[in-house]
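First comes the structure, then the notes that go with it.
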Amino acid sequence: MSDLYHKVSNSPVGRSVVSALNLPAPVILERQSRPDAPFLEGDVLLSGAPGGSALETICTVLGASTASLFALDAKSLVTAGDIKSKTKVYSLKSDAIDEQRRFKALVFDATGISTTEDLKAVYTFFHPIIRNVAKCGRIVIVGTEPSSCRTPAMAASQKALEGFIRSVAKETGKKGITAQVIYAIPGSESHIESPLRFCLSPRSAYVSGQTLSVSKAAKSRASLDWNSPLKGKVALVTGASRGIGEAIAKTLSRDGAKVVCLDVPQAKDALESVAANIGGTTLALDITTPVAPEVISAHFEKQFDGLDIIVHNAGITRDKTLGRMPEHFWDLLVDINLSSEERINDALFANEVFNKNARIVCVSSISGIAGNVGQSNYAASKSGVIGYVESLSKQLKGGITINAVAPGFIETQMTAAIPFMIREAGRRMNSLNQGGQPEDVAEAIAFFSSPASQGVNGNILRVCGQSLIGK
């Protein structure tokens, strides 16, 4: 579905009209243009609170980009031992930052913050330069996972970063700028590379005001090609015949995976078209049938000798207010959106089909977080997905991870059918003032699917442009 207002407001005449009427003018977001594009380009300003533990890793990661790194007093950071990386960090004087200077990203290591008084370091860094972030720029804070903090004061100061970044995201979103917090459990700093690359890249164009938690995990010794991180991996995408599912299949294939596209037999023609376009294969199957879990399990045992990635994307809506909702609306929707995922995973685990370090990614929804009128069944199923992911993540072994994405308003055939006024409200009620694209959801799923995301487990990532509803 095309967003006509978005197009008009970005035309020469439209910009004048929108400005005169003081209407929101959503910017054209910068998305991933090609697989081998640098994850970050331009000038980056970084800093950290004293005693931080992530700055060295941050510098090493950013050193792999084409960005130029600056610090307001780089010499003091090196002298203090915060930066041991060989990455070149240029010193920059604060009086050299005028109104025209623009930074593509601001990155702050907040792991050294242990008291609420220490939070002043965040204000001190961001206050003078927040207006110097470029259009479609990135703001990232790396902190310590609050649940792992040693004292209540430290937990309070680290949790405060979440409220801070959500507010900053809302203040800067009109320029297409996104802001996130990456929380790391102490000792897991080496695992922040994958989320840091994602949050700083165009792949996170429609993700803002969010947190990602990184935990300890065994790090792979194998080298990774960041342009083709899923090479040699086998992936299954359910509901792959159109919309978000099609975008997921294309993105995983772009990243090197051999993709099996699954959907109901009625969608076989569209499914085969998607698979043909990406060099994948198909599995036409109704996942609610009693035999579906064993059919899927046997397929990957025999055809591929295991499964590396499964994306539970298949889902439907059957909207009615609760008092008017027929019983079969509830039963069918919960079965497809939630129960089938459990049954399929149970079979894959029981038959030992998942390969070591496999990735499970589920698709939830902001409706499951905030609720929605006429969607008690849908919201229940998508909230159930969140509970399932959070619980199962604590039980997994063999390097297997499970995470979920929660899309907001995404431009698909489903949202195109929404009445005009409600559709426009859905598009504008977020910090970026626009709807997302299916590829935005797909990029987040590809991030979770990467071998480099070993320390990312049990996360629920909203892909909603920081929707104004929900958490």
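Can you tell me the order of 317-328, 360-371, 341-352 when each peptide is scored by its average per-residue count of other Cβ atoms within 10 angstrom, highest first? Write out the running numbers ahead of the final one.
Values: 317-328: 11.8, 360-371: 23.8, 341-352: 17.2.
Put in order of decreasing packing, that is 360-371, 341-352, 317-328.
Ratio of Rg to Rh for segment 430-471, alpha carbon only, Kirkwood?
Taking Rg over the Kirkwood Rh, I get 1.03.
Does segment 149-210 come out rounded, prolate or oblate by the C-alpha gyration tensor, with a ≥ b ≥ c the root eigenvalues, rounded set by a/c under 1.5 and, if not, prolate when a/b is larger than b/c and oblate if not?
Oblate is the answer for segment 149-210, as a/c is 1.5 or above yet b/c matches or exceeds a/b.
Given labels modelled 7 Å from the Cα in the Cβ direction, how far is it in nm from residue 147 to residue 41?
3.9
In a Debye calculation with equal point scatterers on the alpha-carbon sites of segment 225-344 and no solvent, what is log10 I(q)/I(0) at q = 0.09, 0.18, 0.21 Å⁻¹?
-0.26, -0.91, -1.16
State the dimensionless ratio Rg/Rh of segment 328-395 (Rg: radius of gyration of Cα atoms; Rh: Kirkwood radius). Before the final figure, lay out the partial values.
Details: Rg = 13.3 Å, Rh = 12.9 Å.
Using only Cα positions, Rg/Rh for segment 328-395 is 1.03.
R0 = 25 Å: FRET efficiency of residue 391 with residue 350, Cβ-based, nearest 0.05?
Here the calculated transfer efficiency is 0.90.
Can you tell me, using C-alpha contacts under 8 Å and at least 6 residues apart, the relative contact order of the chain as a whole percent? Present the calculation step by step, with values, prior to reporting the outcome.
Values: 996 pairs, mean separation 67.8, N = 471.
For the chain, the relative contact order is 14 percent.
Which order do the peptides 399-410, 276-287, 25-36 come out in when sorted by mean C-beta neighbours inside 10 angstrom, highest first?
399-410, 276-287, 25-36
With viscosity set to 0.692 mPa s and temperature to 37 °C, compute the Stokes-Einstein D of segment 49-203, Rh being the Kirkwood radius across alpha carbon pairs; µm²/s, no decimals.
For the chosen part, D equals 208 µm²/s.
Projecting each Cα onto the charge dipole of the chain (Lys/Arg +1, Asp/Glu -1 at the beta carbon, about the Cα centre), which of 371, 241, 211 comes out farthest on the positive side?
Result: 211, furthest along the dipole toward the positive end.
Using a 7 Å offset from Cα along Cα-Cβ at residue 469, what residues in segment 383-405 end up with backbone N under 20 Å from the label point?
Under 20 Å, as judged by backbone N against the label point of residue 469, lie 383-387, 405 of segment 383-405.
Just round it to a whole percent: the fraction of Cα-Cα distances in the chain exceeding 37 Å.
27
In deg cm²/dmol and to the nearest 500, what is the mean residue ellipticity at 222 nm of the chain if only DSSP H runs of at least 4 residues count, each as -39500 (n - 2.57), divided by the residue total? Write out the running numbers ahead of the final one.
Working: 17 runs with 165 residues, N = 471.
Per the formula, -10000 deg cm²/dmol.
Can you give the Kirkwood hydrodynamic radius of segment 234-463 from its Cα pairs, in Å with one decimal?
17.8
We did not get these values from a lab; they are worked out from the coordinates using the rules stated. Please read these numbers as outputs of a predicted model, since none were measured by experiment. Virtual Cβ from ideal backbone geometry, glycine too; neighbours counted across all protein chains shown.
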